[in-house]
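So the structure is just underneath, and the comments pick up after that.
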Amino acid sequence: MIFSLQRFIEDHFERGALRDVDQYAVKVANVYDKERWKKANKPFLEAVHRIRTIFFKNNSQLDRRGFESSLVSLLNRRFKKEVNSQREDFPGGVVREKHQFRRHARLTMTSVMDGFKRATESRAIDCFWKSRRARKLRPTPEKIGQGLFVMFTEGTLGKRGLTFREVLSGAGFVDFVVLLSRTPHLIELKIMRDRYEGATQLATYMEKESRKEGWLVLFDARALARKTSIPLKTRVRCGVITNIIVDINPVSPSRMGA
């Protein structure tokens with residue numbers, strides 16, 4: 001539900017011609033998703049008011065208290081309690097992967113990313129497509145990939161790791177930072193329609209955060225005739241990027257046997 005919340009708030013801001021340069025919509029969506037139905041109206045509004053943001057500085061015509069109250073009322077009408085309390089799950093669940101991770105005495109980011117790749121390829125490909133036959137992806141497929149990643153990591157890591165979305169780094173935002181064994185791992189997600197890209201952007205974040213390792217998840221939507229090999233590792237000035245290729249447009253078994 002968090003991504004429905006985020007899109008709704010972003011659209012609301014866009015209709016009002018409001019500038020959101022520090023992802024205030026994401027911050028509000030996170031707080032609403034986690035805390036709204038655990039708190040009465042007044043304590044929840046205080047939680048929203050504590051969000052650190054420059055949104056109201058950039059939109060100085062707004063009265064913050066009044067705007068927050070109106071926004072929460074709008075969200076309450078749009079996202080009813082019984083709907084909001086039903087948490088979205090990774091397609092088919094993650095019970096198998098959760099048990100597999102429990103068997104690891106020391107969970108590594110490699111095992112997490114490999115598990116996400118296998119789970120997505122086996123159970124979540126259809127989430128990306130409006131029509132695979134017509135090669136039409138759904139709108140904002142990168143956000144779909146981000147949603148799947150959150151559902152997978154939150155469903156499998158439990159208390160062994162934390163996932164932070166769209167973390168400010170310099171002039172941009174890292175898609176995800178996963179904190180595992182007190183080590184932050186920087187992760188970028190891209191939809192691959194044609195050529196390999198995303199490494200330069202991720203390398204910039206790695207330099208800003210003084211990290212020598214980064215993870216680039218590529219949801220490969222290319223047709224078979226356009227598929228080219230992608231290296232498992234990409235060396236950049238500050239370190240190494242591990243490329244995780246998630247094939248969301250595989251060749252069907254019937255065609256393979258033709």
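The values are calculated or read from the model by the stated rules, or taken from the named source; none is laboratory data. This is a predicted model, so every value here is computed, not measured. Here Cβ is always computed from backbone atoms with ideal geometry, including for glycine, and neighbour counts include all displayed protein chains.
The figures follow:
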item: Some residue of segment 129-139 being assigned to a helix (DSSP H, G or I), assigned by TED's automatic domain parsing to the domain that holds S181, buried (at least 16 other Cβ atoms within 10 Å of the Cβ) and not basic (K, R); result: no
item: Residues that are within 16 Å of R78 (Cα to Cα) and of a type in the set (G, A, S), drawn from segment 1-57; result: S4, A25, A29
item: Filtered residues of segment 155-171 (kept if touching a residue at least 24 places away in the same chain (Cβ under 8 Å) and either touching a Phe, Trp or Tyr at 6+ places or on another chain (Cβ under 7 Å) or hydrophobic (A, V, I, L, M, F, W, C) (or both)); result: G155, T156, L157, R165, E166, L168, S169
item: Residues satisfying the stated conditions in segment 98-128, i.e. of a type in the set (D, E, K, R) and closer than 23 Å to S252 by Cβ; result: K117, R118, E121, R123, D126
item: Matching helices (runs of 4 or more DSSP H) fully within segment 1-55 where at least 3 residues are within 23 Å of the chain's Cα centre (by Cα); result: 2-15, 24-35
item: Residue match in segment 59-69 (condition: buried (at least 18 other Cβ atoms within 10 Å of the Cβ), part of a helix (DSSP H, G or I) and within 21 Å of the chain's Cα centre (by Cα)); result: no
item: Subset of segment 153-183 that is modelled with pLDDT of 90 or more and loosely packed, with under 15 Cβ neighbours inside 10 Å - its residue that is farthest from K143 (Cα to Cα); result: T183
